[in-house]
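Bear in mind that the values in this text are calculations on the coordinates, not laboratory data. Here the structure is a predicted model, which is why all the values come from computation and not from measurement. Every residue, glycine among them, receives a Cβ derived from its backbone with ideal geometry; neighbour counts consider all protein chains shown.
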Amino acid sequence: MSEQNTLIVVSNRGPVTYDKVDGRRVERRGGGGLVTALRGVREQHHVIWIASATTDEDRVVAGEAGGGEVVLVAHEAEAYDRYYNVVANPMLWFIQHSLWDQASRPELGLAFHDAWREGYARVNRSFADAVVAALDEHPDATVFFHDYHLYLAPKFVRAARPDALLAHFVHIPWPVDWSVLPEPMRRAVHDGLLANDVVAFHTRRWAQNFERSCEDTVGGTHGTRVTHHPLSVDVAEFERLQASNAVRAAEATLPRPEKLIVRVDRTDPSKNIVRGFHAFAVLLEEHPEWRGRVTMLALLDPSRQSIPEYVEYVADIERAVREVNDRFGPVISVQVADDFPRSVAAYKQYDVLLVNAVSDGLNLVAKEGPLVNQRGGVLVLSENAGAYEELAEWAIGVNPFDVWGQAQALHEALVMEAGERARRADGLRAQVRDRDLSQWIAGLLSDLPRAAA
Ligand code: F6P
């Protein structure tokens, strides 16, 4: 493999994580869409992957003699806690998904300022040190940073290796307004990203917002190339998965009402789960003909439970479900668990798939569902999900704040005649198949001349 093909991928979560079970080391595949997406890159390129050690056993692995293709960085526990639980999530995540209720939150005290310096900056510095060490081994490699955890690291690397080729993919929305973050931090975020040769997003909208916020914050993008390439799914892998025993077994346990509305999300406030339940209640109120005939199945993956805002959100979800079910009977069925086979089973069987995110970099559920659905199901999709840019033509678009509008959209989807449903479902499937993961990877690599060889 030529040195030109080496990619140094840098992300908070890595492709594998380790645990100790009965005294033996067990390897688990890392979670999340990012890891799945980047697996394809590993098939075509020599990849050195630098990620955080997130378990005790990861830290043991990090301390062992390295040189392997996965480099786990063992951050100091307190620094990592401040980086992940105070700055990256919720602060940057909430700013970028427009989630702060600004009349009262956030309130940035000394603890936040300390967390920025002693947590976020320090962890970014450790990542940068690991990147520089990897560049010493592979001087012509391209460095490929991912996401909001790592906005400062590119500038640290650039200072140490002025000629390195650096690219950054931001997987979440980019807002124009960064005024919540104090000016020195806002500037550091933009300067950090602009130390890359290329900064990429899923959609034109986020890329344009980035150009505008660079203009406002640091007077332009200063030669950094800004691009967009929407992520997709590994079509072949999904097709295998939908036929697997685990998915078939899960399918047999799904509720079978006359009509099934499905949502699949992490328990993240950006996913707008509570408003989705309220919209379902409005539907049943305004269209009593659906009572007893339609069930909403919500498969929710518990997320970031070390962060108070996320714990509160799970309580909000549970309260909303109780209220709707107390009123209309058991019309919402909820499972809070990490159960991917059941999600794929539900994808196959939905009549309506609800994706009503407040804001979302892309949203892979909107692509995964239509790829395997077998019922001519209809996609109801938030205008603020990045995927809307690609899929609007075949979806019913909704404003994520307009609960009444979402209820109307659910009704429209439920009564849509078969021919129109099939036309839309076929359109969605064709789009996802045509623009699959290999296209995302090819697009990204075409922005990185030396890596594309
Ligand atoms: O890009 C957003 C993202 O980092 C995804 O890659 C991933 O699915 C999700 O957030 C999970 O977040 P966390 O690593 O905090 O569990």
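Nearest 0.05, what FRET efficiency do S306 and R29 give at R0 = 30 Å with Cβ-Cβ as r? After rounding, the FRET efficiency stands at 0.90. Three principal axis extents of the range 235-435 based on alpha-carbon atoms, in descending order, are 40, 40, 34 Å. Fully extending the segment from A315 to T55 would add 90.9 nm, taking 0.36 nm per residue of separation and subtracting the current Cα-Cα distance.
Near the amide H of V70, within less than 5 Å, lie the amide hydrogens of W49, all on another chain or at least 5 residues away, with H placed in the peptide plane.
Farthest toward the positive end of the dipole of the range 137-236, out of A167, Y151, V218, is the Cα of V218, where the dipole comes from beta carbon charges about the Cα centre. Close amide H partners of N196, meaning residues 5 or more places away or on another chain with modelled amide H under 5 Å apart, do not exist here.
Equivalent ellipsoid of the range 341-453: semi-axes from √(5λ) of the C-alpha gyration tensor, largest first, are 28, 17, 12 Å. Averaged over residues, the count of other Cβ atoms within 10 Å places the peptides 375-388, 112-125 in the sequence 375-388, 112-125, highest first. Rounded to the nearest Hz, the phi-derived 3J(HN,Hα) couplings of the range 103-117 under the Karplus curve 6.51 cos²θ - 1.76 cosθ + 1.60 (θ = phi - 60°) are 5, 10, 9, x, 10, 8, x, 4, 4, 5, 4, 5, 5, 4, 6, where x marks glycine and proline.
Summarised in one figure, the compactness ratio Rg/Rh of the range 121-256, Cα atoms and Kirkwood Rh, is 1.13. Using only Cα coordinates, the Kirkwood hydrodynamic radius of the range 384-439 works out to 12.6 Å. Computed extension gain for H222 through D140, at 0.36 nm per residue and net of the alpha carbon distance, reaches 27.2 nm. Between E69 and N399, the modelled label-to-label distance comes to 4.9 nm, taking each label 7 Å out from Cα in the direction of the beta carbon.
Karplus-derived 3J(HN,Hα) values for the range 143-152, using 6.51 cos²θ - 1.76 cosθ + 1.60 with θ = phi - 60°, are 9, 10, 7, 10, 6, 7, 6, 10, 5, 8 Hz; glycine and proline are entered as x. Calculated from the alpha-carbon coordinates, the range 62-158 shows an Rg and a Dmax of 15.5, 51 Å respectively.
Any idea what angle helix 308-328 forms with the longest principal axis of the chain, computed on alpha-carbon atoms, 0 to 90 degrees, nearest 10? It is inclined by approximately 10 degrees. Taking the Cα atoms of the chain, the ratio Rg/Rh between the radius of gyration and the Kirkwood radius comes to 0.97. Simple point charges give the picture: +1 on the Cβ of Lys and Arg, -1 on the Cβ of Asp and Glu, and for the range 235-435 a dipole about the Cα centre of about 600 debye.
Given their separation in residues at 0.36 nm each and the Cα-Cα distance between them, D129 and A159 gain 9.7 nm when the chain is fully extended.
Summarising the amide proton neighbourhood of H229: residues at separation of 5 or more, or on other chains, whose placed amide H is nearer than 5 Å comprise F201, H202, T203.
Using the empirical formula 2.2 N^0.38 Å as the baseline, the Cα radius of gyration of the range 1-91 reaches a ratio of 1.16.
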